[in-house]
Amino acid sequence: MRALVIVAGGSGQRLGASVPKALVEVAGRSLIEHCLEISASCPQIEQTVVVAPSGHIEAVRDLVGDAAEVVAGGASRDESVRNGLDVLGPQVRWVLIHDAARPFAPRAVFEDVLAALAAGAPAVVPGLPVADTIKTVVDGHVGRTIPRQDLIAVQTPQGFALQPLRAAHAMQAGEVTDDAQLMEQSGVPIAVVQGSPLAFKITTGFDLAVAEAVAEGE
């Protein structure tokens, strides 16, 4: 059984909004609604859980209706993911972890991640090659240039075999930025599939303007 956990945390302040980012609207619908529309088109996903920001649980439930179960998030992204994992059904074998801030990640990315899991990968991330030159900075000066042929920009949804993911969360050491990093800490190999420019993350007002253009072009 395959499940999806959508993390709907994050402040909307950088977008100029007074509500959490997942409740910010693009083309008349919230980011979480856009996410659910795409995920609902994947018949392989049999359970969907939305982890809602504290204080906005009822608002999220009103938006998603019967499309997903809604649970409260935690003080950190990691805790929020664990809250979502805790309510998954006993038959769930694989889980996708997705950020509501990437509402236009296309169905093809979901399907490619699921296919890699079905082929035996314990962890899968979608990613795109890095186009910019990347440099480290030390005390306001360039430290070194990192060869970009070795780099990808990682997106969501990320896919995992559920039991290894739970074990990785239980052994978490220090702060991490995504669940794949937890698996890295556990020594679990992580497969990479092709990401999509449409899976961009909405963080700033500029990103929101791009999202509006994407929605208008659909």
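Kindly establish whether Ser41 is closer than 22 Å to Ala105 by Cα, in contact with a helix residue (DSSP H, G or I) (Cβ under 6 Å, 6 or more places away or on another chain) and modelled with pLDDT of 90 or more.
Here the answer is yes, as Ser41 does meet what is asked.
Among the numbered conditions (1) of a type outside the set (Val, Ile, Thr); (2) open to solvent by 40 Å² or more (accessible area, probe 1.4 Å); (3) at pLDDT below 90; (4) farther than 30 Å from Gln91 by Cα, tell me where Ser54 comes up short.
(4)
If you scan region 181-217, which residues turn out to be without any contact (Cβ under 8 Å) to a residue 40 or more places away in the chain and part of a loop (DSSP other than H, G, I, E, B)?
Within region 181-217, Ser186, Gly187 meet the criteria.
What strands (runs of 3 or more DSSP E) completely inside region 77-155 contain at least 3 residues that are open to solvent by less than 50 Å² (accessible area, probe 1.4 Å), more than 26 Å from Ser41 (Cβ to Cβ) and touching a residue at least 60 places away in the same chain (Cβ under 8 Å)?
By residue number, no strands (runs of 3 or more DSSP E) qualify.
Scan region 157-169 residue by residue and report those that are open to solvent by less than 90 Å² (accessible area, probe 1.4 Å) and under 22 Å from Gly187 (Cβ atoms).
Answer for region 157-169, where residues must be open to solvent by less than 90 Å² (accessible area, probe 1.4 Å) and under 22 Å from Gly187 (Cβ atoms): Gln158, Gly159, Phe160, Ala161, Leu162, Pro164, Leu165, Arg166, Ala167, Ala168, His169.
Give the residues of region 61-76 that are buried (at least 19 other Cβ atoms within 10 Å of the Cβ) and over 17 Å from the mean Cα position of the chain (by Cα), sorted by residue number.
Leu63, Val64
The values are calculated or read from the model by the stated rules, or taken from the named source; none is laboratory data. Here the structure is a predicted model, which means the values were calculated and not measured. All Cβ positions, even for glycine, are placed from backbone atoms using ideal geometry, and neighbour counts span all protein chains on display. Heads up: the accessible areas ignore ligands, DNA and RNA and are worked out on the full protein's heavy atoms, side chains in. Shrake-Rupley method; radii C 1.70, N 1.55, O 1.52, S 1.80 Å.
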